[in-house]
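Data first, discussion second: the structure below is written as structure tokens.
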Amino acid sequence: MLLCGTTRPNRPTLTRRSAPAALGIAAVLVGGHVARAADLDWHRLGNEAAEVLADVIRIDTQNPPGGETAAANALARKLEGEGIEAQVFESSPGRGNLHARLPGNGGAPPIILLAHLDVVPADPRGWRVPPFSGALEHGYVHGRGALDAKGVAVVELMALVALKRSGQPIDRDVILLATADEETGGKAGAGWIVQHRPELLGNAEYLLTEGDHIHVAQGRRKVVQVAVAEKTPFWVKVIARGEGGHGSTPPAQTAVTRLVRALDKVRRYRTAVRLVRPVEEYFAALAPLEREPLRSKLAHLSEALEDPAFLAEFTRNPRQNALIRNTMTPTVLEGSPKTNVIPEEASAQLDCRLLPGERPAEFLALLREVIADDAIRIETLLSFPASSSDSASGLMAAIRQLAAGDLGGAPVVPSVITGFTDSHYFREHGIASYGFVPFVLSEDDEKTVHGVNERVSVENLRDGVRRLVALLRALPAR
């Protein structure tokens, strides 16, 4: 699919919200009454987060087309009701991006909290409740975006609110960015901000966004995973042409049959196994959590993968397979609009994901070699270089401190994710960026992301705000 949202050459639309309404929630103005951090009412903050999230889920921001301005304005109202200045910048009409900044003591550079307000499409069929109902039932907020990533945006917003109410600023300014367009590449959101409004980044040292979370391992043991690297997307469109006509009199080969043959070659091809250092370190960090003989194999994964039997077992897990090779996944198919019409053109979109260090141009050459049909044209839809951040930074140290105190000494594992986030825009700008959401999620929870019945517990929202505030307070000063 083509990226949505374009950058206008003229000055961006600026929408500033100053109304005290807070998404239907009575704003709590602390005024001159300063509450100590220890006195913050986390139960109340969690309930507020649930109500704010429910209201924002009800704003349909399916991308395409996005329409994130209404959601950004809603969050801005909540912030300004708390006395935190917020602005909404549009990269193009309807593509709103929220910016807010809570001042600190100036002892260290700012940290950015980033989340996106657009969501993937949701077909209500198969959902237990309508995906844009924002239903609050049985301790959960239901709806598209509850986890990815309106729930993240709301937790980050409420962390600013909690710090403001506490009356105890941290050493750093905290910058909140809730952006448009992440689901189709971020050019109308995070990418637009970095390119056109870099002053909003305020010389930040760190950025925290989606990407990984607190996992529940065997025996209910918690494992904190922080994404320090990502595979990079290389989305392409494979286009076949042929003679059109009536479906009742087909020629020997059509655009559709040529496309099917090309896709079958892609399906049959197995990309080479390649173990990159961040992935090797990730599994080595997980090794102590496993029993023998798996423990030793993960600790020495490069050697273990040379055993065909272990390789077959290891790659049976789709995520593990995707971490050691490039992948090519057909997702979108387009052909004739009618059953009895042979189209002159048929196409498929491939979601290719490349390991860190791969060159898109070389992979494109490989894809052409695999298809081996000069009548097939391949267009690049989305591509950017892979990036990573230091796994031994001050922010990682703060996460380890959080895990030691709040999570009973849970291990902290730097991870590599198979998906992608907007982190790369900020890494390219010199900001160390990490993917960590302070939610405890099961495998069943994870499956709802981009799936049906997406939801987040009020407990996760409450604890997420509390953990994020603790993490921000634990950041080292310079």
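Could you give the distance between the Cα centres of region 152-217 and region 383-458, to the whole Å?
So the two Cα centres are separated by 13 Å.
Quick check on region 65-207: of the DSSP beta bridges with both residues there, what percent are antiparallel, nearest 5%?
Values: 12 of 20 bridges.
Looking only at bridges with both residues in region 65-207, the antiparallel portion is about 60 percent.
Go ahead and estimate [θ] at 222 nm for the chain from helices alone: -39,500 (n - 2.57) per DSSP H run with n ≥ 4, summed, over the residue count, rounded to 500.
Values: 15 runs with 152 residues, N = 478.
Computed mean residue ellipticity for the chain: -9500 deg cm²/dmol.
Using amide H atoms built 1.01 Å from N in the peptide plane, name the residues 5+ places from Leu381, or on other chains, whose amide H lies under 5 Å from its own.
Under 5 Å from the amide H of Leu381: Trp235, Val236, Lys237.
Just to confirm the number: angle between the C-alpha axis of helix 458-474 and the first principal axis of the chain, 0 to 90 degrees, nearest 10?
Between helix and principal axis, roughly 70 degrees.
Find the accessible area per residue for the chain; the probe is 1.4 Å, ligands and nucleic acids are left out, and the unit is Å². Don't skip to the end; give the middle numbers.
Values: 20670 Å² over 478 residues.
That works out to 43 Å² per residue.
With just the Cα atoms defining each centre, how far is region 85-129 from region 245-305? Give it in Å.
Here the answer is 34 Å between Cα centres.
What relative contact order, as a whole-number percentage, does the chain give when Cα pairs under 8 Å and 6 or more residues apart are counted?
Details: 1029 pairs, mean separation 106.3, N = 478.
Taking the mean separation of contacting Cα pairs over the length of the chain, I get 22 percent.
Quickly rank 433-441, 413-421 as a protection proxy: mean count of other C-beta atoms within 10 Å, highest first. Intermediate results must be reported in sequence, preceding the final value.
Values: 433-441: 24.0, 413-421: 21.6.
Highest mean packing first, the order is 433-441, 413-421.
First select every other residue whose beta carbon is under 10 angstrom from the beta carbon of Pro385; then total the charges, Lys and Arg +1, Asp and Glu -1. Provide the component values of the computation, followed by the final result.
Numbers: positive: Arg359, Arg427; negative: Glu358, Glu428.
Overall, the nearby charge balance is 0.
Roughly what would the spin-label model give for Glu362 and Thr380, points 7 Å off Cα along C-beta, in nm?
Placing both labels 7 Å along Cα→Cβ, they lie 1.5 nm apart.
Would you please name the trypsin sites (Lys or Arg not before Pro) within region 302-367 that are DSSP coil residues with at most 14 other C-beta atoms within 10 Å of their C-beta?
Answer in residue order: Arg316, Lys338.
Which distance in nm do the two modelled labels at Gln253 and Ala397 give, with both placed 7 Å along the Cα-to-Cβ direction?
Rounded to a tenth, the inter-label distance reads 6.3 nm.
Non-local amide H neighbours of Val332 (under 5 Å, H modeled in plane, Pro and chain starts lacking H): which ones?
HN-HN under 5 Å from Val332: Gln349.
For a 22 Å ceiling on Cα separation, which of these pairs sit above it: Lys187/Lys447; Lys78/Lys150; Lys78/Lys222; Lys265/Lys297? The partial results should precede the final answer.
Numbers: Lys187/Lys447 27 Å; Lys78/Lys150 14 Å; Lys78/Lys222 33 Å; Lys265/Lys297 33 Å.
Flagged as over cut-off: Lys187/Lys447; Lys78/Lys222; Lys265/Lys297.
If Lys and Arg each add +1 and Asp and Glu each add -1, what is the summed charge of the other residues whose beta carbon sits under 10 Å from the beta carbon of Thr179?
On the way: positive: Arg95; negative: Glu68, Asp118, Asp181, Glu182, Asp422.
With Lys, Arg at +1 and Asp, Glu at -1, the net is -4.
Taking the Cα centre of region 130-194 as the origin, how large is its charge dipole in debye, to the nearest 20, when only Lys and Arg (+1) and Asp and Glu (-1) carry charge on their Cβ atoms?
180 debye
Over region 300-358, calculate the relative contact order: mean separation of alpha carbon pairs under 8 Å at least 6 apart, over the residue count, as a percent. Working shown, then result.
Working: 50 pairs, mean separation 17.9, N = 59.
It rounds to 30 percent for region 300-358.
Read through the labelled values (i) 0.99; (ii) 0.95; (iii) 1.08 and report the label of the one computed as Rg/Rh (Cα atoms, Kirkwood Rh) from the structure.
Answer label, from the structure shown: (i).
Using only the alpha carbons of region 128-248, determine the length spanned along each of the three principal axes and report them from longest to shortest in whole angstroms.
For region 128-248, the Cα extents along the three principal axes come out at 75, 43, 33 Å.
Each residue of region 130-146 in turn: what ³J(HN,Hα) in whole Hz from Karplus with 6.51, -1.76, 1.60 and θ = phi - 60°, glycine and Pro shown as x?
Those phi angles translate into x, x, 10, 7, x, 5, 10, 9, 6, x, 10, 9, 9, x, 5, x, 4 Hz.
Starting at the first residue of region 41-49, write each ³J(HN,Hα) from the Karplus equation 6.51 cos²θ - 1.76 cosθ + 1.60 with θ = phi - 60°, in whole Hz, x for Gly and Pro.
8, 5, 4, 5, 4, x, 5, 4, 4
Given R₀ = 25 Å, FRET efficiency for Val341-Asp264 by Cβ-Cβ distance, to 0.05? Write down the numbers at each step before the final one.
Working: r = 23 Å, r/R0 = 0.93.
So, using R0 = 25 Å, E works out to roughly 0.60.
Label points 7 Å out from Cα along the Cβ direction at Gln168 and Asp307: separation in nm?
That separation, rounded to one decimal, is 5.2 nm.
The values are calculated or read from the model by the stated rules, or taken from the named source; none is laboratory data. Remember, predicted model here, so these are calculated numbers, not experimental data. Heads up, the Cβs are rebuilt from the backbone with ideal geometry, glycines too, and the neighbour counts pull from every protein chain shown. Heavy atoms of the whole protein, side chains included, go into the accessibility calculation; ligands, DNA and RNA do not. Shrake-Rupley method; radii C 1.70, N 1.55, O 1.52, S 1.80 Å.
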